[in-house]
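Step one of this worksheet: look at the structure below.
The values are calculated or read from the model by the stated rules, or taken from the named source; none is laboratory data. Everything numeric in this text was worked out from a predicted model, so none of it was measured. Here the Cβ positions follow ideal geometry from the backbone for every residue, glycine too, while neighbour counts run over all protein chains shown.
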Amino acid sequence: MGLNPPVIDMQPNMYKIEGESAFSYLALVKKMQGQGKRVISFGIGQPDFPTPEHIKNAAKAALDDNFTGYTETQGIEELRSAVSEYLNFKYGSDVSGEEVVITPGSKTAIFMTAASYIRDGDEAIIIEPSYYAYAQVVKLFNGIPKFVSLDFTPGKGFSLNAEKVEKAITKRTRVIFINNPHNPTGAVFDPKDLDYLMEVVKKNNIIVVADEIYDNLIYTSKFKSLITYPEWRDNLIYINGFSKTFSMTGWRLAYLVARKELIPRFNDLAVSLYSCATSFVQKAGVIALKGDWGPVKNMVKEFHERAKVLHDILKGAQGFDVYMPEGAFYMFPRVSGILNKLNISVKGFVDMMLNKIGVLVLPGDAFPDKAGREFVRFSYATDMESIKEGARKIVEFVNSL
Ligand SMILES: Cc1ncc(COP(=O)(O)O)c(C=O)c1O
């Protein structure tokens with residue numbers, strides 16, 4: 001008998017996965033605030049707006065109607081149709097309601113994709129810096145994350161280099177995870193680069209997992225959704241959700257789109273995993289898509305204003321290389337000037353700012369793998385006054401170093 005009781009020995013991949021920094025820092029900030037300390041947080045990535053009234057009312061009405069039992073695993077037909085109509089209207093695609101699976105959050109859809117495709121030793125290309133969950137699910141299913149960095153141009157920001165992705169492809173490459181608009185950089189990829197990428201994946205028989213959860217939060221006209229490619233059914237698993245667009249992070253509602261033959265497989269996995277997404281939340285989802293988009297438009301306008309204000313203030317910070325984001329609600333300046341001056345890591349710098357001036361940003365290397373190690377992420381999903389105050393404190397602090 002070994003020294004450890006058997007519950008200690010989880011399957012080895014469980015020891016390879018890592019938690020999410022944004023959530024650990026959220027807990028830390030809450031603790032500091034509980035101790036009476038003032039902290040301005042540019043940490044967690046969730047809209048600070050309430051969920052629009054008409055969406056909340058739809059959930060309340062569904063509760064009052066006792067729409068509280070299990071639903072079909074794939075999601076109620078009404079919502080799946082609403083999703084397909086919405087995508088087809090927005091992107092001119094040809095998705096049918098039968099090709100949509102409703103999930104409790106995009107994270108669940110990401111997990112299901114990895115569970116469905118990653119075989120032992122398969123390589124998954126992850127465009128970095130990356131949303132942290134991709135690498136975790138790849139490792140969990142015995143895959144190998146292969147990071148390919150975005151290109152960085154000072155003053156301009158990050159861009160997709162599809163040739164670099166092509167060069168990283170091997171015989172073992174199975175999946176490419178791509179998030180556009182991009183967390184953490186705020187980049188929106190050039191359609192030309194996406195066209196090239198799609199050519200490459202077709203040529204090499206690779207699956208693309210397209211996470212487009214920020215597709216309504218853009219300040220540029222150049223966004224192209226991968227669901228618009230006529231041959232999407234051959235290479236694409238498409239993921240999107242309600243969290244960011246409708247300020248519904250806590251509701252846990254999202255969807256996965258895939259060709260029809262795959263749906264029974266995803267359903268069988270989903271029924272083992274979560275049975276169905278929350279019933280009355282699905283009803284609210286229908287109204288979110290079909291109801292008034294005014295609140296979303298106002299939110300995006302406000303995010304854009306905040307980005308401009310944050311950018312203008314941070315320009316004054318010595319050692320910061322700032323550029324305007326094109327989408328999402330993140331700014332990702334390079335801070336190598338400061339790190340070199342102080343000879344510290346980005347995590348050291350983030351902790352220093354939190355402790356000395358009570359302002360939280362996230363270290364860029366919290367977005368695997370290493371490409372973000374000289375950057376910090378600001379989520380400007382917080383009120384304008386806090387943005388101004390927090391940014392000014394940072395400028396004052398770094399300029400005094
Ligand atoms: C790129 C990306 N994908 C997925 C998610 C998770 O979204 P959900 O709330 O739908 O699980 C996030 C949340 O921050 C994200 O940034």
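With the condition being under 28 Å from MET14 (Cα atoms), I'd like the helices (runs of 4 or more DSSP H) fully within the stretch 73-168 carrying at least 3 qualifying residues.
Counting at least 3 such residues, we get 106-117, 133-140.
Check ILE102, ILE110, ILE127 and return the single one that is hydrophobic (A, V, I, L, M, F, W, C), touching a helix residue (DSSP H, G or I) at 6+ places or on another chain (Cβ under 8 Å) and free of Cβ contacts under 8 Å to residues at least 60 places away in the same chain.
Going through ILE102, ILE110, ILE127 in turn, just one is hydrophobic (A, V, I, L, M, F, W, C), touching a helix residue (DSSP H, G or I) at 6+ places or on another chain (Cβ under 8 Å) and free of Cβ contacts under 8 Å to residues at least 60 places away in the same chain: ILE127.
Conditions (1) among the aliphatic types (A, V, I, L, M); (2) away from the ligand (no atom under 16 Å from the Cβ), marked per residue:
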| position | (1), (2) |
| --- | --- |
| GLN46 | no, no |
| GLU53 | no, yes |
| ALA59 | yes, yes |
| PHE67 | no, yes |
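Within the stretch 87-104, which residues are surrounded by 22 or more Cβ atoms within 10 Å (Cβ to Cβ) and within 14 Å of the ligand (Cβ to nearest atom)?
VAL101, ILE102, THR103
Of the residues that make up the stretch 158-173, is at least one more than 16 Å from the chain's Cα centre (by Cα), small (Gly, Ala, Ser) and over 30 Å from VAL300 (Cα atoms)?
Yes, the stretch 158-173 has at least one match.
When you look at TYR132, is it assigned by TED's automatic domain parsing to the domain that holds SER272, closer than 29 Å to ASP365 by Cβ and modelled with pLDDT under 95, yes or no?
Here the answer is yes, as TYR132 does meet what is asked.
Considering only the stretch 148-196, how many residues are farther than 20 Å from LYS224 by Cβ and surrounded by 22 or more Cβ atoms within 10 Å (Cβ to Cβ)?
Looking only at that region, the number is 2.
For the stretch 106-124, name all the residues that are away from the ligand (no atom under 16 Å from the Cβ) and not aromatic (Phe, Trp, Tyr).
SER116, ILE118, ARG119, ASP120, GLY121, ASP122, GLU123
Let me spell it out: the conditions are (1) away from the ligand (no atom under 12 Å from the Cβ); (2) touching a Leu at 6+ places or on another chain (Cβ under 9 Å), and SER243 meets all of them except one. Which number is the exception?
Only one criterion is unmet by SER243, namely (1).
Any residue in the stretch 322-344 that's at positive phi: show its pairings with residues that are part of a loop (DSSP other than H, G, I, E, B) at Cβ separation under 7 Å, as long as the two are six or more apart or on different chains.
From the stretch 322-344, the pairs are ALA328/PRO181; ALA328/HIS182; ALA328/ASN183; ALA328/GLY186; ALA328/TYR214; ALA328/LEU217.
Which members of the stretch 260-281 meet the condition of being within 19 Å of VAL95 (Cα to Cα) and within 23 Å of the chain's Cα centre (by Cα)?
PHE266
Let me confirm something: among LEU150, LEU140, which residue is in contact with a His (Cβ under 9 Å, 6 or more places away or on another chain) and either away from the ligand (no atom under 16 Å from the Cβ) or of a type in the set (A, V, I, L, M) (or both)?
LEU150
If only one of LYS388, LYS356 is more than 24 Å from the chain's Cα centre (by Cα), surrounded by fewer than 17 Cβ atoms within 10 Å (Cβ to Cβ) and under 22 Å from TYR323 (Cβ atoms), which one is it?
None of the other options fit; the residue is LYS388.
Can you tell me which residue in the stretch 177-226 is farthest from the ligand (Cβ to nearest atom), limited to those that are aromatic (Phe, Trp, Tyr) and under 19 Å from the mean Cα position of the chain (by Cα)?
TYR219
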